[in-house]
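Remarks on the structure that follows.
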Amino acid sequence: PGSRGRILFVDDEEFLVEWGQALLERLGYEVTSLNDSTEALELFSAEPSRFDLVITDQTMPRATGLQLASELLRLRPGIPIILCTGHSDVVTQDGLKGSGIRELLLKPLTRKVLAEAIHKALNND
């Protein structure tokens with residue numbers, strides 16, 4: 001898929017933050033990566049129009065991905081959000097209905113799956 005846009009990538013695992021940043025930049029996106037959900041909220045709050053898409057992990061200290069998404073959507077309704085989790089029993093696609101989250105991806109992520117989900121979320125497919 002064609003790749004343009006500014007992405008906020010949030011995961012508490014430093015390895016995944018580095019992997020996500022490198023992968024998304026190779027796909028052509030401008031990426032800001034953070035490993036702290038409260039930092040991500042502060043950054044987003046300062047300039048909600050700065051990002052075209054947010055990708056967040058579900059299981060993080062301080063605030064979960066769902067909590068972060070809820071706050072981001074309160075600040076900017078309609079911002080596309082992709083939620084990633086390694087625990088499919090914690091969050092389900094059906095459970096996300098009405099949450100504003102566009103995609104649910106199960107870890108481990110692959111380049112192809114992530115690229116397709118981003119394209120779909122950004123184009124509202």
Run the dipole for the chain about the Cα centre, Lys and Arg Cβ at +1, Asp and Glu Cβ at -1, nothing else charged, and hand back the magnitude in debye, nearest 20.
480
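Would you kindly state how much longer the chain becomes between ASN123 and THR38 on full extension, computed as 0.36 nm times their sequence separation minus their alpha carbon distance, in nm to one decimal?
Working: separation 85, 0.36 × 85 = 30.60 nm, distance 2.75 nm.
Going from the current span to full extension adds 27.9 nm.
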Over all directions, the average projected area of the alpha-carbon convex hull for segment 1-68 comes to how many nm²?
4.3
Residue-wise HN-Hα coupling along segment 10-17, computed from phi with Karplus coefficients 6.51, -1.76, 1.60 (Hz; x: Gly, Pro):
10, 7, 7, 8, 3, 4, 5, 4
With a 1.4 angstrom probe the carbon and sulfur portion of accessible area for the chain, in percent, totals 49
For SER33, what charge total do you get from the other residues with a beta carbon under 10 Å from its beta carbon, if Lys and Arg give +1 and Asp and Glu give -1?
-4
For the chain, with every protein chain kept in place, what is the accessible area per residue (1.4 Å probe, Å²)?
52
Calculated FRET efficiency, GLU14 and HIS87, Cβ-Cβ r, R0 22 Å, to nearest 0.05?
0.65
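The values are calculated or read from the model by the stated rules, or taken from the named source; none is laboratory data. Remember, it's a predicted structure, so these values are computed and weren't measured experimentally. FYI the Cβ positions are ideal-geometry reconstructions off the backbone, even for glycines, and counts take in every protein chain you see. In case anyone asks, the SASA skips ligands and DNA or RNA and just uses the protein heavy atoms, side chains included. Shrake-Rupley method; radii C 1.70, N 1.55, O 1.52, S 1.80 Å.
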